[in-house]
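**Student:** What follows is a single structure, and I will ask about it in a moment.
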Amino acid sequence: MSVSSDKTLHPRTQAVHHGTRRSQYGEMAEAIFLTQGFVYDSAAQAEARFQGTGPDEFIYARYGNPTSRMFEDRIAALEGTEDAFATASGMAAVNGAMFAMCKPGDHVVAARALFGSCLYVLDLLVRFGVKVSYVDGTDLDQWAAAITPGTRAVFFESISNPTLEVIDIRAVADLAHAAGATVVVDNVFATPVFSKAVEQGADVVVYSATKHIDGGGRALAGVICGTKHFVREVAEPYLKHTGGAISPFHAWIMLNGLTTMDLRVRAQAEAAATLAASLQGHPRLERVIYPGLADHAQYDLAMAQMGSGGTMIAMEVAGGKEAAFAVLDRLRIIAISNNLGDAKSIAVHPATTTHSRLSDEDRATLGITRGLLRLSVGLEDVRDLTADLMAALEG
């Protein structure tokens with residue numbers, strides 16, 4: 001068995017080697033196949049490939065590409081799934097996973113604490129005749145009441161954006177599977193480093209690879225991980241015909257990101273834990289939300305499910321929007337941006353950016369106050385980040 005296909009290797013080794021495809025030139029680094037099409041040896045070979053009876057090779061870049069396939073094979077190995085399909089963005093992955101499986105009359109149950117664009121995708125499903133029920137993702141009784149024998153799928157973020165609620169994947173999956181529903185988990189905040197959602201009961205896992213997988217703020221990408229049947233027979237036909245596939249160049253960036261992801265994410269999470277502890281009790285903050293702090297409502301679950309608090313912190317600045325804006329504007333090292341999972345630390349005001357399309361009532365229900373800031377901890381020295389935040393808070 002070659003190193004590139006050995007799934008018994010540890011994750012950090014898989015992230016460097018798994019799925020590698022070398023050309024006849026034996027290149028060390030993964031090659032970028034910048035081509036939209038492929039040449040066939042004969043008309044009969046072209047026919048066989050389009051009929052799916054020929055070798056598992058490539059037809060058109062929207063359908064698949066050697067560079068994209070390397071990324072798909074590698075992330076599937078890390079996630080512990082049979083297969084994966086790489087998409088143009090994280091939202092293409094969410095859209096592809098949900099629209100590919102749902103039809104008019106189906107029922108979806110979703111946690112109400114979701115990224116704004118995820119809520120938009122669910123709203124689109126409703127327009128096409130799918131019924132969507134929302135629940136408090138941390139309340140298992142609400143999940144149990146909402147999931148019925150007619151439920152097609154459940155959808156939630158394993159850690160919610162931006163208030164960092166932790167959802168019990170195993171418990172929700174058990175409820176969903178008892179009703180025959182497919183469990184779709186957006187695992188962005190947990191990352192492939194800290195969460196093995198499939199082992200905990202998820203059927204389909206989606207990522208915005210733009211975040212921790214790239215880790216450098218360079219490119220958009222997403223990925224759907226699941227069984228070979230779901231990936232190739234449910235998701236792929238939808239995505240290849242609607243144009244949601246990843247570009248080979250972006251797939252190459254994600255491949256390179258995977259090689260250092262474990263080291264980066266663990267360092268970021270360690271810094272986030274230190275920073276969150278330093279912020280606790282600050283007189284200018286109403287609360288600090290971090291799953292790795294003992295006062296977090298789902299601390300025990302976070303430790304059991306992830307073994308870490310992750311790379312994200314939320315904090316509520318006393319004084320509302322005006323005070324929160326003032327803190328953001330005084331930051332020197334931490335950038336104001338709506339991305340996350342970057343090597344650079346980033347802060348954002350969700351109520352006026354990522355979740356601005358929600359009503360005031362919906363934001364209040366989700367705990368997204370006017371003073372709430374979301375912080376993605378990067379790779380800077382945590383002493384410098386602490387000093388930057390303290391100075392910004394103290395004015």
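The values are calculated or read from the model by the stated rules, or taken from the named source; none is laboratory data. These figures come from a predicted structure and were not determined experimentally. All Cβ positions, even for glycine, are placed from backbone atoms using ideal geometry, and neighbour counts span all protein chains on display. Heads up: the accessible areas ignore ligands, DNA and RNA and are worked out on the full protein's heavy atoms, side chains in. Shrake-Rupley method; radii C 1.70, N 1.55, O 1.52, S 1.80 Å.
**Student:** Rounded to the nearest Å, what's the spacing between the alpha carbon centres of the stretch 313-385 and the stretch 254-270? Just the number, please.
**Tutor:** Each part reduced to its Cα centre gives a spacing of 23 Å.
**Student:** Still on this model: Among LEU164, LEU358, LEU275, determine the one that fluctuates most according to a GNM of the chain built with springs between C-alpha atoms less than 10 Å apart.
**Tutor:** Result for the chain, Cα springs under 10 Å: LEU358 fluctuates most.
**Student:** As an exercise, identify the GluC sites (Glu not before Pro) in the stretch 63-98 lying in DSSP coil whose Cβ has no more than 16 other Cβ atoms within 10 Å.
**Tutor:** Details: sites: GLU72, GLU79, GLU82; in loops: GLU82.
Passing both the DSSP loop test and the Cβ count: GLU82.
**Student:** Can you give the Kirkwood hydrodynamic radius for the chain, in Å, rounded to one decimal and based on Cα pairs?
**Tutor:** Answer for the chain: a Kirkwood hydrodynamic radius of 21.7 Å.
**Student:** When a/c reaches 1.5 or more, the comparison of a/b and b/c decides; with that in mind, is the stretch 267-312 rounded, prolate or oblate per its Cα gyration tensor?
**Tutor:** Since a/c reaches 1.5 but b/c is at least a/b, the shape of the stretch 267-312 is classed as oblate.
**Student:** Suppose accessible area is computed on protein heavy atoms with a 1.4 Å probe; arrange MET390, MET28, MET303 from highest to lowest.
**Tutor:** Output order, biggest surface exposure first: MET28, MET303, MET390.
**Student:** Short version: what are the Cα gyration tensor semi-axes of the stretch 140-189, square root of 5 times each eigenvalue, largest first, in whole Å?
**Tutor:** Over the Cα atoms of the stretch 140-189, the semi-axes work out to 20, 11, 8 Å.
**Student:** For the full complex of protein chains and a 1.4 angstrom probe, list PHE194, PHE38 by accessible area with the highest value first.
**Tutor:** My answer, sorted largest first, is PHE38, PHE194.
**Student:** On to the next question. Quick one: of the DSSP bridges fully inside the chain, what percent are antiparallel, nearest 5?
**Tutor:** Counting DSSP beta bridges with both partners in the chain, the antiparallel share is about 55 percent.
**Student:** For the chain, set up a GNM with springs between Cα atoms under 10 Å and report which of GLY52, GLY378, GLY90 has the largest fluctuation.
**Tutor:** GLY52
**Student:** Rolling a 1.4 Å sphere over the protein heavy atoms, what is the accessible area per residue of the chain, to the nearest Å²?
**Tutor:** 41
**Student:** Cα centroid distance between the stretch 78-128 and the stretch 291-305, in Å?
**Tutor:** Their Cα centres are 27 Å away from one another.
**Student:** 7 Å from Cα along Cα→Cβ at both ASN338 and GLU82: what's the point-to-point distance in nm?
**Tutor:** About 3.7 nm, to one decimal.
**Student:** Still on this structure, please answer the following. If we count every other residue with Cβ under 11 angstrom of ARG330's Cβ, Lys/Arg +1 and Asp/Glu -1, where does the sum land?
**Tutor:** On the way: positive: ARG332; negative: ASP329, ASP388, GLU394.
Around ARG330, the charge tally is -2.
**Student:** Another question, then. Which links in LYS103/LYS228; LYS240/LYS344; LYS211/LYS321 stretch past 23 Å when you go from one Cα to the other?
**Tutor:** With Cα atoms farther than 23 Å apart: LYS240/LYS344; LYS211/LYS321.
**Student:** Quick one: net charge of GLY309's neighbours, Cβ under 14 Å, K/R +1, D/E -1? Kindly include the intermediate steps, with their values, before the conclusion.
**Tutor:** Working: positive: ARG266; negative: GLU165, GLU270, ASP295, ASP300.
Cβ neighbours under 14 Å give a net charge of -3.
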